[in-house]
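Only the coordinates and a few stated rules stand behind these numbers; no lab work does. All of these numbers come straight from a predicted model, not from anything done at the bench. Glycine gets a Cβ as well: all are built from the backbone with ideal geometry, and neighbour counts include every protein chain shown.
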Amino acid sequence: MKGKIWDISSLEKLNLAVKEVLAQVRSGGQGESASVLALSGDLGAGKTTFTQYLAKELGVSEAITSPTFVIMKKYPLPNDAQFKHLVHIDAYRLESPEELLVLNFNTELHNKDNLVVIEWAEKVVTLLPPYVTSLSFNLDGAQRSLSLK
């Protein structure tokens, strides 16, 4: 599925892309480590909205907002057999990748029950494991697209 590009210019199309990405992540499996989605793209390109739809698909009932100021939020996943937690990270405000380490980032990465979603992943690339699923969000006027790297 690498190289796949989705048109996500509408919420319906974004929701379909979320379902396809989630199916890919579920089928990949990472053994004893978390599954990681590394999201990159310009401000307003759809990273947080993607994460909101992903959380909804996984059964999170509370409102999902980007954890810009707290950096990381963890949500229990009541309806999911593969993942027990969604860990949502927003690296936008980080000045160095090491700032994530004080939030037990490595512990979250090594928990096979976690699905870790990182917005602005390019800011913490040195901390990311080699098995991440990289997603790039592109904004061109009113057109939005999502590509799997």
Looking at (1) under 23 Å from Ala17 (Cα atoms); (2) of a type outside the set (Ser, Thr, Tyr); (3) surrounded by fewer than 20 Cβ atoms within 10 Å (Cβ to Cβ), which is the only condition Lys47 fails? (3)
Can you tell me which residues in the stretch 21-60 are assigned to a helix (DSSP H, G or I), more than 17 Å from Asn138 (Cβ to Cβ) and touching a residue at least 12 places away in the same chain (Cβ under 8 Å)? Leu22, Gln24, Val25, Arg26, Gly28, Gln52, Tyr53, Leu54, Ala55, Glu57
How many residues does the stretch 101-149 hold that are over 21 Å from Lys73 (Cβ atoms) and in a loop (DSSP other than H, G, I, E, B)? 5
Looking at Leu103, Leu77, Leu94, Leu139 in this structure, which one is hydrophobic (A, V, I, L, M, F, W, C) and in contact with a helix residue (DSSP H, G or I) (Cβ under 8 Å, 6 or more places away or on another chain)? Leu94
Leu146: touching a helix residue (DSSP H, G or I) at 6+ places or on another chain (Cβ under 6 Å) and touching a residue at least 60 places away in the same chain (Cβ under 8 Å), yes or no? yes
Number of the condition not met by Glu98 [criteria: (1) out of contact with any Leu (no Cβ under 7 Å at 6 or more places or on another chain); (2) within 18 Å of Ala23 (Cα to Cα); (3) assigned to a helix (DSSP H, G or I)]: (2)
